[in-house]
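The values are calculated or read from the model by the stated rules, or taken from the named source; none is laboratory data. Please read all numbers here as calculations on a predicted model, not as lab measurements. We place every Cβ from the backbone using ideal geometry, glycine too, and count neighbours over all the protein chains shown.
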């Protein structure tokens with residue numbers, strides 16, 4: 001039985017319901033195979049060093065993610081207890097290749113399993129942390145998960161897997177985007193869960209792409225039958241046009257966007273000429 | 001100018017100054033079984049698009065879920081569906097968007113099913129009454145004879161909207177040069193908001209009365225959201241009944257193609273799969289707390305740690321074996337074991353009391369246990385006192401029924417007006 005922690009990278013500019021849905025679909029798909037249990041998920045927004053035009057400062061993107069995951073304080077939803085925000089990548093000044101992000105989390109998990117994790121050696125052994133620690137430190141949360149797991153199994157196999165959309169997979173074929181050794185490492189040592197739309201044929205891509213084809217069995221392809229094309233680009237465009245983005249991303253995130261006037265939006269929710277009240 | 005961009009209207013001019021802009025209230029009907037983000041999103045997209053067209057001013061919206069008497073397979077009770085809608089439409093506790101969509105309970109709480117056109121008529125009657133200053137009962141149209149209830153919250157709200165419209169129209173007429181400006185008669189109407197699948201259902205024989213389709217297209221108008229697999233422009237072109245009123249039929253493109261459907265959500269719930277982020281959290285919470293649609297309560301709350309994954313696994317891998325309770329129109333409950341989704345068709349007789357069954361409620365076994373008793377209320381005395389042989393026989397025949405009906409091909413597409421055939425006058 002493999003225990004998985006799903007890691008999804010991306011701009012999250014802003015986070016949308018589609019991003020969050022991706023985690024849910026991936027988790028269900030892995031569990032259904034009978035070979036995996038999903039320990040948790042980590043959202044790892046890219047750092048400002050990524051230098052993409054229109055990319056909001058990580059401060060905002062992180063705050064919106066916290067609101068979306070129910071940890072920002074102002075939330076009408078139930079917090080997602082299995083998806084956490086990972087800030088390691090975001091706070092670095094330079095952009096970090098995806099493979100290195102996966103390496104980072106896997107190394108820490110391996111250390112926890114081998115009892116060589118520094119923080120673990122220095123801190124209380126039973127993993128009882130203050131609530132603030134839990135919330136701001138995804139590693140503390142991982143630590144507690146691993147500790148619970150080790151209470152049940154002596155030598156659990158805990159792996160990081162990359163969670164992404166079909167567009168990321170297809171970008172493997174674009175020259176200059178990925179280092180070859182990174183691609184190999186991702187599919188060989190970690191594995192991927194790829195969410196695609198019906199009709200996009202990721203199977204063919206895996207079949208024809210020599211570099212990753214040997215590790216085909218580590219690439220889980222999940223079809224998203226109910227297509228939800230809620231892209232961050234569309235959200236930004238809609239906000240720019242002073243049109244409604246409601247129900248495409250969590251209300252607290254929309255609220256944050258309006259309050260801070262992000263993405264060219266006006267200062268508040270669009271109002272009707274509301275006669276009745 | 002913050003005020004200018006704040007208002008969803010064409011300009012900062014007094015409201016009724018431009019009489020060519022039509023005042024509209026959007027009405028959406030449907031099962032809402034359960035309500036999804038797509039249902040809610042549809043209103044938002046419609047409002048923005050109508051405003052952008054420069055032809056309309058959206059005053060508000062009404063969601064009118066169908067009554068239980070609709071008799072559709074696995075339709076949760078009106079009580080549940082209304083509460084889920086109420087949760088979905090409540091704005092978040094902290095400062096959030098203004099609530100502009102109302103929940104219309106009239107249709108859902110009626111004993112019999114109401115054609116969509118009559119729902120439109122009813123709310124329009126309230127608007128017209130206020131516009132003409134007459135009592136609603138005298139303006140209620142249609143053979144349904146629907147008089148607008150003075151205590152109905154949505155009718156009261158509609159009348160308030162019209163009063164405000166009138167007062168602002170009066171104000172603008174008196175200001176400015178009234179010689180130049182012709183005060184057009186004030187008007188406001190409902191428009192039917194729906195998906196392209198409902199529009200396409202116009203073509204199904206016997207489903208809609210022709211005169212209803214014409215009335216809806218001609219007197220009310222429709223706002224139709226594109227959905228994958230349907231081509232509303234082509235349909236309007238081909239449908240003779242509504243084609244003459246093409247200018248009243250607004251097609252919305254939804255570029256964030258949102259294929260979320262209630263049936264897909266029910267399917268995922270049955271399979272123990274996650275429906276998170278497809279509908280509001282408060283609604284999901286309600287579904288799990290009341291164990292609707294065959295879902296497993298433990299899956300929702302056990303989301304994170306290793307131990308909870310066992311629950312998730314069990315939910316996903318087990319078949320939908322929840323016991324189903326079938327409730328007849330006299331209110332007795334007969335318990336059926338086995339497959340969770342047997343469909344007792346409209347007109348089926350209740351095994352216990354012989355009443356013709358017009359309402360079906362499916363609850364999970366857990367919810368059934370919560371309810372009192374095993375013996376239906378209306379069983380004759382001797383059976384209540386437990387002739388066990390008879391009970392076993394009854395159970396067997398029910399199971400056979402369940403098995404044979406479960407083998408039927410699944411109903412596809414909206415079947416909203418199927419029962420209309422029975423009530424054709």
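Figures for the structure shown
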| item | result |
| --- | --- |
| Set A:59, A:32: member being closer than 26 Å to residue A:187 by Cα and assigned by TED's automatic domain parsing to the domain that holds residue A:146 | A:32 |
| Residue list for the range B:164-194, filter: at pLDDT 90 or above and either away from chain A (no Cβ under 14 Å) or in a helix (DSSP H, G or I) (or both) | B:187, B:189, B:190, B:191, B:192, B:193, B:194 |
| Failed item, numbered, when residue A:87 is tested on (1) more than 21 Å from residue A:190 (Cβ to Cβ); (2) surrounded by fewer than 23 Cβ atoms within 10 Å (Cβ to Cβ) | (1) |
| Failed criterion for residue B:62 (all others in (1) under 17 Å from residue A:249 (Cα atoms); (2) at pLDDT 95 or above hold) | (1) |
| Test: residue in the range A:214-230 that is within 22 Å of the chain's Cα centre (by Cα), at the interface with chain B (Cβ under 9 Å from one of its Cβ atoms) and modelled with pLDDT of 90 or more | no |
| Residue satisfying all of: in the range A:37-60; crowded, with 22+ Cβ neighbours inside 10 Å and facing chain B (nearest Cβ under 10 Å); nearest to residue A:244 (Cα to Cα) among these | A:41 |
| Any hit, the range B:53-69, residues being part of a helix (DSSP H, G or I) and either over 26 Å from residue B:221 (Cα atoms) or away from chain A (no Cβ under 14 Å) (or both) | yes |
| Residues (out of contact with any helix residue (DSSP H, G or I) (no Cβ under 9 Å at 6 or more places or on another chain) and more than 27 Å from residue A:221 (Cβ to Cβ)) located in the range A:154-169 | A:154 |
| Evaluation of residue B:47 against (1) modelled with pLDDT under 95; (2) more than 9 Å from chain A (Cβ to nearest Cβ) (one fails), failing number | (2) |
| Residues of the range B:231-272 that turn out to be assigned to a loop (DSSP other than H, G, I, E, B) and in contact with a strand residue (DSSP E or B) (Cβ under 8 Å, 6 or more places away or on another chain), as a count | 6 |
| Single residue of the range A:147-177 satisfying the filter (under 27 Å from residue A:18 (Cα atoms) and without any contact (Cβ under 8 Å) to a residue 24 or more places away in the chain) that is nearest to the chain's Cα centre (by Cα) | A:167 |
| Some residue of the range A:195-204 being touching a helix residue (DSSP H, G or I) at 6+ places or on another chain (Cβ under 8 Å), more than 14 Å from chain B (Cβ to nearest Cβ) and not in a strand (DSSP E or B) | yes |
| Those residues of the range B:203-229 which are more than 14 Å from chain A (Cβ to nearest Cβ), buried (at least 19 other Cβ atoms within 10 Å of the Cβ) and not in a helix (DSSP H, G or I), in sequence order | B:208, B:221, B:222, B:223, B:224 |
| The range B:271-282, subset surrounded by fewer than 23 Cβ atoms within 10 Å (Cβ to Cβ) and within 13 Å of residue B:86 (Cα to Cα), residue farthest from the other protein chains (Cβ to nearest Cβ) | B:282 |
| Some residue of the range B:290-306 being assigned to a helix (DSSP H, G or I), at pLDDT 85 or above and touching a strand residue (DSSP E or B) at 6+ places or on another chain (Cβ under 8 Å) | no |
| Single condition residue A:81 does not satisfy, out of (1) modelled with pLDDT of 85 or more; (2) under 22 Å from residue A:65 (Cα atoms) | (1) |
| Top-ranked residue of the range A:138-151 - restricted to ones that are in contact with a strand residue (DSSP E or B) (Cβ under 9 Å, 6 or more places away or on another chain) and more than 10 Å from chain B (Cβ to nearest Cβ), ranked as modelled with the highest pLDDT | A:142 |
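Conditions (1) within 21 Å of residue A:66 (Cβ to Cβ); (2) crowded, with 20+ Cβ neighbours inside 10 Å; (3) within 10 Å of another protein chain (Cβ to nearest Cβ), marked per residue:
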| residue | (1), (2), (3) |
| --- | --- |
| A:234 | no, no, yes |
| A:238 | no, yes, yes |
| A:241 | no, no, yes |
| A:251 | yes, yes, yes |
| A:259 | yes, no, yes |
